[in-house]
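The values are calculated or read from the model by the stated rules, or taken from the named source; none is laboratory data. What you are looking at is a predicted structure, and each value in this text was computed from that prediction instead of being measured. Neighbour counts run over all protein chains shown; Cβ positions are idealised from the backbone, glycine included.
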Amino acid sequence: MDQISIQPAKTRLSHTLGSPTGKTFTSDLSVSEFALLDDVGYQPLGFVMGTSIYHVGIQIARWGSSQELTVLTQAMYSARELALSRMEAEAAELEADGICGVHIEMNMYAWGQDVLEFIAAGTAVRSKVNPGESKRPDGKPFTSDLSGQDMFMLAQRGYVPVAFCLGTCVYHVAHQSMMSALKQTGTNVEMAQYTQDIYTARELALSRMQAEAERSAALGIVGTNLVVSNHVWGEHATEFLAMGTAIRPTEKRHSSESISLTLPVV
């Protein structure tokens, strides 16, 4: 059970449109996103967020060995999941159908290299016509990192988001020996060990993201993004983070009209 309460946020949430007494909404939607979501029947309720400040434990890695750094991988995954779950709790407080435009940030403070803050934020929305129909099969609000424009296109084609999925892997790439480095001096040659290690690490991250989508009973994942970060662990320890939005089909199709691109002339 989460030991952190969202009570500090309830005063703010009580004044947003999603609450019984609220009269205005807050959001991080652009004007275009607001208009497009409104067109497919979503009403913004309030800006929701979750945070987790996490202490990363000690990880031992051998200089000449390639391996996943499991302590660091688990820390990065657990901290993000805590932030996401608290964001979802705020959305549930507003009785939202889902959260659009989910984004995750990571901050480092002066408290030390082993202390990181993870923030998850987005805009809680609700269907104006059939509240609750867009929720996940388990009754929780959906989460999505798609833009308002992408949400519009999904709805046009009869799909809804299910869950924002992620997979992570922190991997240590073995250092080259002095002899290996000398052999490559002045030559064009693939660095096979580096290639294999990076390939392996990316596959671990992608497979974990895919497993999350499968657990949520989704049809597939759209908007997959693969981010590579070195953080503070050293040049041979790298995090691979795969993110995307799992979707499912519905029986409702808003329109079959084609969408045209319009560019402003300045």
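Picking from residues in region 160-183 that are more than 16 Å from Thr224 (Cα to Cα) and not hydrophobic (A, V, I, L, M, F, W, C), the one that is modelled with the lowest pLDDT is Ser177. Just give me the residues in region 17-32 being in contact with a strand residue (DSSP E or B) (Cβ under 7 Å, 6 or more places away or on another chain) and under 20 Å from Met151 (Cβ atoms), in sequence order. Listed by number, the residues that qualify are Leu17, Gly18, Phe25, Thr26, Ser27, Asp28, Leu29.
Just name the residue that is modelled with the highest pLDDT out of those in region 215-266 that are of a type in the set (Ser, Thr, Tyr) and in a loop (DSSP other than H, G, I, E, B).
Checked region 215-266; the qualifying residue modelled with the highest pLDDT is Ser216.
Scanning region 128-147 for residues that are surrounded by fewer than 22 Cβ atoms within 10 Å (Cβ to Cβ), touching a Gly at 6+ places or on another chain (Cβ under 8 Å) and within 7 Å of Asp97 (Cβ to Cβ) yields one hit, Lys135. When only residues in region 13-31 that are touching a residue at least 12 places away in the same chain (Cβ under 8 Å) and outside any loop (DSSP other than H, G, I, E, B) count, which is surrounded by the most Cβ atoms within 10 Å (Cβ to Cβ)? Going through the qualifying residues, I end up with Thr16. For region 92-120, the set of residues classified as touching a Gly at 6+ places or on another chain (Cβ under 8 Å) and of a type outside the set (D, E, K, R) consists of Leu94, Ala96, Ile99, Cys100, Gly101, Val102, His103, Ile119, Ala120, listed by residue number.
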